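This report concerns only the one structure given below.
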Amino acid sequence: LASMSMAPSLSSARARGASARAPYRASARAYRASARHNRRSLTPRASESSSPTTSAPAAESADPEVGTLYECTLEKPLGIRWGRGNDGRAYIKELSAAVGNTDPNMKVGDRVVRCSASFGEDIWDAENYGQVVYAIKTRSGGIYLQLEKRGGDVTIFEFDEVDDVTRMQRAERGGGNVGSGTREVQRRNYDIAQERAQKRVELFEEALKDYQAGELEKALITWEEVLGLEPPNYIGDNMSRCTDVFRITQFNIACVYSRMNNMDASFEALEEALRVGFEDFKMVRSDPALENLRIDDRFKPLIDKYDEPLFNENVLKGFKNLFGGGN
């Protein structure tokens, strides 16, 4: 994987914008030789009769409703976790009615075909994972969704087709042997992991340039794509369950949403960054991009949850009681 400098060393590499410092930047070398990401945009539908975007077909199913479309309008919070499919589009990855609102028709694996625009009454074709997530996070009020039923098929989250080499490897593993099929799959998986790591770094740097140019929306969309490309079931050498790129990207997203005065989305991103191990608490408390967040009443309880408070209020109360200073 590409080498990245993290935490304290990254602060010296932070770019500075006109109104606020740019978020953390990775000090990894960008891989300019490979093809750049072709970012597609959500576009307003031309008419109600426009055909939905074509996606990867669901696996063969006896369910006659597979491939049919359904609609719903949900209020936040949503009990849905979105996932990026191997075609780059947005799919339902998890559903939890205990967390927020869902629809009875929804199943894991269903694809978002259209969704509400960030603002107004427009309905956008959902062609890109990052922009779908951005539109949902920035939307105020009800969120219209048109989805395609896929019968619970989740193969869209698998990045590689099952070919003859993989079948051979599975047969060897089932027989307790390590042969040419197993070694070939291991080599291929390593190459694929390297390529994906390079792509995440390239997208990260692309978003950073957009941020520096004042293109906050473009930066957010691309950083959401970076999150969507996080490798599943990742375990790092230090037993971390997420990559450094994921942690830093979550922090950057919190910074941008704060600058855009979207406090709910900013707090959501910051809490996720802290939860997965972002530990530059000095930066969290001082970064100008989080200024709007820090004046919100929710900030102190959140940061104190993950870091020792700068000033222990219980100690102050103890001194006051000791010297008769009252409550």
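The values are calculated or read from the model by the stated rules, or taken from the named source; none is laboratory data. Computed from a predicted model, the values in this text were never measured in an experiment. Cβ atoms come from the backbone with ideal geometry, glycine included; neighbour counts cover every protein chain shown. Side chains included, ligands, DNA and RNA excluded: accessible areas come from the protein's heavy atoms. Shrake-Rupley method; radii C 1.70, N 1.55, O 1.52, S 1.80 Å.
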- Query: Name the residues of the stretch 258-292 whose amide N is less than 19 Å from a point 7 angstrom out from the Cα of E308 along the C-beta direction?
  - Reply: 278-286
- Which length gain, in nm to one decimal place, applies between N101 and M260 when the Cα-Cα distance is subtracted from 0.36 nm times their residue separation? 54.7 nm
- Message: Per 0.36 nm of contour for each residue apart, how much would the distance between R241 and K209 grow if the chain were fully extended, relative to their Cα-Cα spacing?
- Response: 8.7 nm
- Note on the structure: Counting Lys and Arg as +1 and Asp and Glu as -1 over every other residue whose Cβ sits under 14 Å from the Cβ of F299, the net charge comes to -4
- Message: In the stretch 121-135, whose amide N lies under 20 Å from the spot 7 Å out along Cα-to-Cβ of R275? List them in ranges.
- Response: 130, 133-135
- Normalising by the residue count of the stretch 243-311, find the relative contact order in percent from Cα pairs under 8 Å and 6+ residues apart. 32 percent
- What is the stretch 75-152 by shape, rounded, prolate or oblate, if you read a ≥ b ≥ c off the alpha carbon gyration tensor as root eigenvalues and call it rounded for a/c under 1.5, prolate for a/b larger than b/c, and oblate otherwise? oblate
- Could you tell me the accessible area of D304 in Å² (1.4 Å probe, neighbours in place), rounded to the nearest ten? 40 Å²
- Query: Classify the stretch 231-316: rounded, prolate or oblate, from the alpha-carbon gyration tensor (a ≥ b ≥ c, eigenvalue square roots; a/c under 1.5 rounded; otherwise prolate if a/b is larger than b/c)?
  - Reply: oblate
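Please identify the GluC sites (Glu not before Pro) of the stretch 114-148 that satisfy two criteria: DSSP loop assignment and at most 10 other Cβ atoms within 10 Å. Which are they?
Passing both the DSSP loop test and the Cβ count: E121.
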